[in-house]
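**Q** Supplied in structure tokens, the structure appears directly below.
Every number here is computed from the coordinates shown, using simple stated rules; none is lab data. As the structure is a computational prediction, the values presented were derived from the model and not from experiment. Quick reminder, even Gly has a Cβ in these numbers, built from the backbone with ideal geometry, and neighbours come from all protein chains shown.
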Amino acid sequence: MVDSLSGIHKNVEVTELICYFDYLKGSEAPSERKVGEYLYEQLKKIIKLSLNNGELAYVSRTRLEPIIRQNGQQVTLDKLSSGNLYLIQRMVSLLGKMYSVHLLKNTPVEEICHTHGLLLIDEAENHLHPKWQKTFIKSVQEIFPYLQIILTTHSPFIVSSVENARIYVCESQGDHCIVKDETAEYSNKPIEEILLSPLFGGTYPFNAAISDLLRKRKQAIQEGNKSEEQRIESQLKAINPDYFAYLDIDNLLGELSKATK
């Protein structure tokens, strides 16, 4: 658990952790072997989630390094892209922390990845291609479902990747910042609508006609003009019924939210 809050994940430390888990699954002691086999299976899941068409092939016990099979080739960790390595480093390090808690508390093997905790991530998009930005947090949640995650980001891909997330925006006020709850503005919205927001400078990913309609819809919502909002939504659904079907779901969720208050 040393340096848990440092945010530093060295490649050599991750390599040592993987090798240790491989060593543990070969133990003559049944209890140690059971833990090692469980951890090794989690390693395989982590690496598969972190790569395009890749997996953990084996751990070389002669060279003490993990061997990755990717696109039919066997490579070491240092040969992976920085984004892939970033994902592996962070999730394997998390697995190591979970294992430490297991040792300290003597929890059941099956509950190692179900450890409760708080995960802090600063600028979660760093080093990641947009493809991985969209899946990073979901991958963490898949392996470690009982973590509460608090992160900062400048990426609309990260913002749109988590369902029902609480979204807070820091607004600079000169010598201080104001933190505002903007969940209603950004949570469960497609990336295109998030890009249109003031937070991202009103970046328009659509053609001029659709962008103009989205801008007018946003203005109608801010003014509380429900009839104009619905009229514009009808136009958007007529242009692209498949994509803009999310508007019906969004409106339904809004009505259900009001009904439960």
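**Q** Can you figure out the FRET efficiency of Ile67 with Ile150, using R₀ = 51 Å and their beta-carbon distance, to the nearest 0.05? All intermediate terms of the calculation are to be shown ahead of the outcome.
**A** Values: r = 35 Å, r/R0 = 0.69.
It comes to 0.90.
**Q** Over the range 116-189, what portion of Cα pair distances is larger than 17 Å, expressed as a whole percent?
**A** Working: 1270 of 2701 pairs.
Percent of Cα pairs beyond 17 Å in the range 116-189: 47.
**Q** Counting other Cβ atoms within 10 Å, which trypsin sites (Lys or Arg not before Pro) in the range 17-85 have at most 13 and lie in a DSSP loop? Write down the numbers at each step before the final one.
**A** On the way: sites: Lys25, Arg33, Lys34, Lys44, Lys45, Lys48, Arg61, Arg63, Arg69, Lys79; in loops: Arg61, Arg63.
Passing sites in the range 17-85 are Arg61, Arg63.
**Q** Distances over 17 Å make up what percent of all Cα-Cα pairs in the range 75-162?
**A** Details: 1948 of 3828 pairs.
That fraction is 51 percent.
**Q** Using the 2.2 N^0.38 Å rule of thumb for compact globular proteins, work out how the chain stacks up: its C-alpha Rg over that value, please.
**A** Details: Rg = 22.7 Å, N = 261, 2.2 N^0.38 = 18.2 Å.
Against the empirical 2.2 N^0.38 Å value, I get 1.24 for the chain.
**Q** Which of the trypsin sites (Lys or Arg not before Pro) found in the range 93-166 are loop residues per DSSP with 13 or fewer other Cβ atoms within 10 Å of their Cβ? Spell out each step's value before the answer.
**A** On the way: sites: Lys97, Lys105, Lys131, Lys134, Lys138, Arg166; in loops: Lys134, Arg166.
Answer by residue number: Arg166.
**Q** Straight-line reach from Lys237: which lysines fall under 19 Å, measuring Cα to Cα and dropping same-chain residues less than 8 apart?
**A** In chain and number order, the partners are Lys189, Lys216, Lys218, Lys226.
**Q** Rg and Dmax of the range 1-112 over Cα atoms: what are they, in angstrom?
**A** 13.8, 41
**Q** Show me the GluC sites (Glu not before Pro) within the range 152-250 that DSSP assigns to loop and that have at most 13 other Cβ atoms within 10 Å of their Cβ. Can you show the working numbers first?
**A** On the way: sites: Glu163, Glu171, Glu182, Glu185, Glu192, Glu193, Glu223, Glu228, Glu229, Glu233; in loops: Glu163, Glu182.
Hits after loop and neighbour filter: Glu163.
**Q** Given R₀ = 22 Å, what would the calculated FRET efficiency be for Gln219 paired with Ala245, taking r from the Cβ atoms and rounding to 0.05?
**A** Numbers: r = 22 Å, r/R0 = 1.02.
The calculated FRET efficiency here is 0.50.
**Q** Could you work out how far the C-alpha centroid of the range 30-46 sits from that of the range 209-236, in angstrom?
**A** Value for the Cα centre distance between the two parts: 53 Å.
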